[in-house]
Amino acid sequence: MQTKVQAFFDESTNTVSYVVKDPRSNACAIIDPVLDFDPASGRTSTGSAESIAAYVEENDLIGEWILETHAHADHLSAAPYLKERFGGMIGIGANITIVQNVFGKVFNAGSEFKRDGSQFDALFDDGAVIEIGGLSGRAIHTPGHTPACMSYIFGDAAFIGDTLFMPDYGTARCDFPGGDARQLYRSVQKIFALPPQTRLFVCHDYLPPGRADYRWETTIAEQRAHNIQINDGVAEDQFVEMRQRRDSTLQMPRLIIPSVQVNMRAGQLPPAEDNGVTYLKVPVNLL
């Protein structure tokens, strides 16, 4: 039975969020939800998350999980907002503790910021089983973009975060702290080992030249044959050289500074200071 997937595209961050439904019940999981953020004013809003919430309510779904493929650097997570609305547990890869240690130092987060992953309800090791009603899925560790990247497989559908983009765009960058192009190549091989007909759902689409419409669903067979950076004909050393050379030319994502500070806390804002106001830090000449 085909896994039911509904996508939600946030054009302001080029992010795709998903709702995955158990075919035999109303249980669902929400994957990579977006909290809207205006960097000019510092204001957050929930327009993107409300689209997901409306779908959940209209279909009488029961939220059991909110799954993060990694600590995103391009959008803030709406996981706490959706958990408050629908319940469920927030899950991420167990190596989020590595990300917390690195960026806890970058943002000088202080001793009140725990670096043990305890902000999340569940930390997944490679091969962990995740149940959505009667639908049994698994998490596979796919590092390279970040140390904590996970892909989630439910039936014929795999949610691969930033590991791969659509075949005409390529793969994730590997130059963030803890990233590693060789690890990414090997993670992609784990994904390529899935059945050829497996549907792959990516976390972003940036509309490359020559394509008029945003897309976020592909297959293992399409990726292995046509991915412009890492198809079956690309050797590991060749990929690593390409990825490192390309990454050296890229600028930091527009929302990396607010996003990581929030997402390393499972989507919670930093604690308010003694005047009752919450602040996000900007490290100068560091990233």
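The values are calculated or read from the model by the stated rules, or taken from the named source; none is laboratory data. Just so you know, these numbers come straight off a predicted model, no measurement behind them. Cβ placement follows ideal geometry from the backbone for every residue including glycine, while neighbour counts extend to all protein chains displayed.
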Completion exercise
If we keep only residues of the range 181-193 that are surrounded by 18 or more Cβ atoms within 10 Å (Cβ to Cβ) and in contact with a helix residue (DSSP H, G or I) (Cβ under 9 Å, 6 or more places away or on another chain), then the residue farthest from THR3 (Cα to Cα) is ALA181
Problem - Residue among ALA73, ALA79 that alone is surrounded by 17 or more Cβ atoms within 10 Å (Cβ to Cβ), in contact with a Gly (Cβ under 6 Å, 6 or more places away or on another chain), modelled with pLDDT of 95 or more and aliphatic (A, V, I, L, M) - result: ALA79
Practice task
Say whether the condition of being hydroxyl-bearing (Ser, Thr, Tyr), assigned to a loop (DSSP other than H, G, I, E, B) and modelled with pLDDT of 95 or more is met by at least one residue in the range 250-261.
Solution key: no
Exercise for the section: Quick one: which residue in SER118, SER41, SER45, SER111 is at pLDDT below 95 and polar (S, T, N, Q)? Expected result: SER111
Practice task
Out of the residues in the range 9-50 that are of a type in the set (A, V, I, L, M, F, W, C), out of contact with any Leu (no Cβ under 8 Å at 6 or more places or on another chain) and surrounded by fewer than 21 Cβ atoms within 10 Å (Cβ to Cβ), state the one that is nearest to MET166 (Cα to Cα).
Solution key: PHE9
Practice task
Determine, yes or no, whether GLN189 is in contact with an Asp or Glu (Cβ under 9 Å, 6 or more places away or on another chain), touching a residue at least 40 places away in the same chain (Cβ under 8 Å) and among the polar types (S, T, N, Q).
Solution key: no
Fill in the blank from the handout: Per the list (1) touching a residue at least 60 places away in the same chain (Cβ under 8 Å); (2) within 26 Å of ALA128 (Cβ to Cβ); (3) touching a Ser or Thr at 6+ places or on another chain (Cβ under 6 Å), residue check on VAL34 breaks on (1)
Handout entry: Restricting the range 129-164 to residues that are in contact with a His (Cβ under 9 Å, 6 or more places away or on another chain) and hydrophobic (A, V, I, L, M, F, W, C), the residue that is farthest from ASN231 (Cα to Cα)
Key = ALA148
Handout entry: Odd one out for ARG224, checked against (1) part of a loop (DSSP other than H, G, I, E, B); (2) touching an Asp or Glu at 6+ places or on another chain (Cβ under 6 Å)
Key = (1)
Exercise for the section: Go through (1) on the phi > 0 side of the Ramachandran plot; (2) modelled with pLDDT of 95 or more one by one and return the number of the condition THR163 breaks. Expected result: (1)
Exercise for the section: Working carefully through the options GLY155, GLY178, find the one that is touching a residue at least 12 places away in the same chain (Cβ under 8 Å), among the small types (Gly, Ala, Ser) and closer than 22 Å to MET242 by Cβ. Expected result: GLY178
Fill in the blank from the handout: Over the range 192-214, the set of residues closer than 11 Å to SER151 by Cβ, free of Cβ contacts under 8 Å to residues at least 60 places away in the same chain and in a loop (DSSP other than H, G, I, E, B) is LEU194, THR198
Exercise for the section: Would you mind stating whether GLU58 is within 19 Å of the chain's Cα centre (by Cα) and either closer than 21 Å to LEU200 by Cβ or acidic (Asp, Glu) (or both)? Expected result: no
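One line per residue, one yes/no per condition, for (1) at pLDDT below 95; (2) under 30 Å from ALA78 (Cβ atoms):
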{"site": "LYS190", "(1), (2)": "no, yes"}
{"site": "PHE201", "(1), (2)": "no, yes"}
{"site": "HIS204", "(1), (2)": "no, yes"}
{"site": "GLN238", "(1), (2)": "no, no"}
{"site": "VAL277", "(1), (2)": "no, yes"}
{"site": "LEU280", "(1), (2)": "no, yes"}
{"site": "ASN285", "(1), (2)": "yes, no"}
